[in-house]
Amino acid sequence: MPSFTVRLRLPLSLGVAACSLIACSDPVDDTPQIEVFVDAAGVPHIYAPDDASLFWAAGYVQAEARLAQMMMVRRRALGRQAELLGAGKVDEDELSRLMNFRDLGARDMERLEREHPEDFALIESWVAGVNAYIAELRAGEREPPVGLGPEGVDFIPEDWSPDDVGAIAKLLMFGNSNSLENEILTTVLTRFDAELFDKLEIARPAYPVYTLPAADVPGAAELGARPRRGRPSLPPAPEGIDPAEINAGLKRLHETLAEFSVEGSNNWAVAGAHTDNGRPRLANDPHQPLTSPAIIFALHMNSRDAGGSFDAAGFSFAGTPGVQLGHTGGVAWAATTGTADCMDLWSVSADAAAQTVQVGDESVAYTTRVETIEVAGGPARSLEVDEVPGYGIMLGDALLMDLGINEAFVAGVDRRLLLNWTGFDHGNELHAFFEMARAQGADDFEAAADQMEVGTFNWTFADASAIGYRSRILVPDRGDPASLVIPFLMLDGDDPSGYWSGAHLDDALLPRSRDPEQGFLLSANNDPYGFTDDGDLSNDPFYFGTFFLPGFRAQRADDELRAAIAAGPVTRAQMQALQLDNRVTEADLILPPLFEAWAQVGNDAELSAYEARPDLAALVQSLEAWDRNMDADSGEAIAFYAFSHELARASIGDEMSLVSDAVVNAAP
């Protein structure tokens, strides 16, 4: 598309008369102007005389481009989708009401206003820009955008507030730190076949590739120094539970949590000493879903040229202000999901008549919050959420039972399931993101990343001379792993030692690296430390997390980066090629045993069923010649994909019974 420039005068609240983006394309006086240049890729570049007007314009521009999407993201966070879209959204609304993103976001905004009033004022400006565009729609001065006109929902959204921004931020941080589905699945799997659970070694990676160089791993000398602990026993479950019912409920749970699962992301940085221009090179693929519109919004915000604080380009998440992934004039940064363990589940006994729950050896009163969900075309739904002050929320009817999962099957007979999440008590992400967008070097950026509390990100960053990696998050300090029960299984709520103390892992223990000798840093949702190398988390110096991805992408990127650095120098084209690389490293593990088995056909009586099968012989031959790239037009790629999934079903599907579908859906 062609590029163009428009000028936008400052709104009335900032000192002069308001006008629309189009109407002010020709300035009429010397009033300071906001200039918006839209480049050939459709990305707006916003230049403003100060920070407040910059954010006002950014809010207006995002609303003009994405208001329908912003409205639905807000409704997702507030649990108000069903009132517009009907009963099909009730499950998602119940999850948002259960987690209470609305009130948690409002609390975070109160904290932001108290501790960082300058940032809160910028959010107010951004909200005012969004509302200015909505006001024009309401007044009939602009045509409704796609999705909000008669061809869509035919609806003008309500005005925005800073609390809406807080709720959306909380929704995003929940998705980034969520392990709820995995913890329920591991508990259910243990109930079905405890021996299989032990044999699977859930924590062990496929490839031993870790983000931190060995020299930067805290407590590395203690790795593997202690004996393995056994698996804890679970309280008895009711008899006669139909696995088909549990599987159907787990499927609905997966669908409800689908947007909060980690499908994968990559980032890496190569030091300038190994590049063709002597400057570091940084790459990122956040692996956001391919939706239309995308969940991220590209923009460039500049008030710095006029003496302001910002000159940042990159991406924000729709419905939020600023730049959360990108670069300034002095530093660039990239993110992957870090999968630190910030959630736990406990099986607890509760007295419904007294409204108390037994927390260790203490009886704690709980309160019940009632949420009413309006449903278009149907009756309203009432949701009761039991909250245990200081300990989290009880799931029960508010999540499991409504999805068809018998709570007693997970928690035990006459027991309730209690969930705690660090996001119930913390949230400083908006301030951290603003500080990132102000950063002018690697040190500034790392200081900004150190402000994160709930978002479990792997940050890789670079300035003109340095590369770095940091994952700073408030991870509950659960104590010595040698004395812990497995923290990614449901915990025994009768044991007072299993609850969080309120302490967090010391910052010195959290992942950090700068300018390593190997010349690069890489993260791909893999274990940052190497603690999972032996599949045992009880013999490590401390506990950080479990559900890291198994290292398939990390292995490939690590191999390619080491080869590129050895051949040197690393070029931009090589980085781009690696970004687009689609070689599937799983095939390196799965195909060789298949080929060995095929070579025995005709010699092994157990393989007699495969004799005289020219079709299979041809398939094996084509797989042997396959480059192992998952190209869209590759028949071998399709065959391998189907074979690997069927191999999993044949290997462990019977032991997992009917929950195997749920496990494969959650973690292929």
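Each stretch of four or more DSSP H residues adds -39500 (n - 2.57); spread over every residue of the chain, this sum gives -10500 deg cm²/dmol at 222 nm. The residues of region 402-460 expose on average 24 square angstrom of accessible surface per residue, using a 1.4 Å probe on protein heavy atoms. Sort region 470-581 into rounded, prolate or oblate with this rule: let a ≥ b ≥ c be the square roots of the eigenvalues of the Cα gyration tensor; rounded if a/c is under 1.5, and if a/c is not under 1.5, prolate when a/b is larger than b/c, oblate otherwise. Prolate, since a/c reaches 1.5 and a/b exceeds b/c.
The structure-derived value of mean projected area of the Cα convex hull in nm² appears in the list (i) 33.7; (ii) 32.0; (iii) 26.8 under the label (i).
Partner lysines whose Cα lies under 19 Å from the Cα of K251, excluding those fewer than 8 positions away in the same chain, are identified as K89. Within the full protein context, the accessible area of L172 is estimated at about 40 Å² for a probe radius of 1.4 Å. In this structure M301 has an accessible area near 10 Å², from a 1.4 Å probe over the protein heavy atoms.
Stretching S465 away from R583 to a fully extended chain increases their span by 39.3 nm, per 0.36 nm per residue minus the current alpha-carbon distance. Summed over the residues of region 70-124 and divided among them, the accessible surface reaches 35 Å² per residue at a probe radius of 1.4 Å. A simple count of charges around G330, restricted to other residues whose Cβ falls under 15 Å of its Cβ and scoring Lys, Arg +1 and Asp, Glu -1, yields -4.
Of W500, W268, the residue with the largest accessible area leads and the full order is W500, W268 (1.4 Å probe). Surface composition of the chain: carbon plus sulfur atoms contribute 52% of the solvent-accessible area (1.4 Å probe, protein chains only, all chains present).
What helices in the chain pass both tests, a Cα length along the helix axis of 24 Å or more and a mean Kyte hydropathy of 1.6 or higher, using whole DSSP H runs? Span-like helices, by this rule, are absent here.
The order of K251, K89, K170 by accessible area, most exposed first and with a 1.4 Å probe, is K251, K89, K170. In the full protein context, region 246-349 carries 34 Å² of accessible surface per residue, based on a 1.4 Å probe and ignoring ligands, DNA and RNA. Largest to smallest in accessible area, the residues S523, S233 fall in the order S233, S523 (1.4 Å probe, all protein chains included).
The values are calculated or read from the model by the stated rules, or taken from the named source; none is laboratory data. Quantities reported herein were computed from a predicted structural model and do not represent experimental measurements. Counting neighbours? That spans all protein chains shown, and the Cβs are built from the backbone with ideal geometry, glycine included. All accessible areas refer to the heavy atoms of the entire protein, side chains included, with ligands and DNA or RNA removed. Shrake-Rupley method; radii C 1.70, N 1.55, O 1.52, S 1.80 Å.
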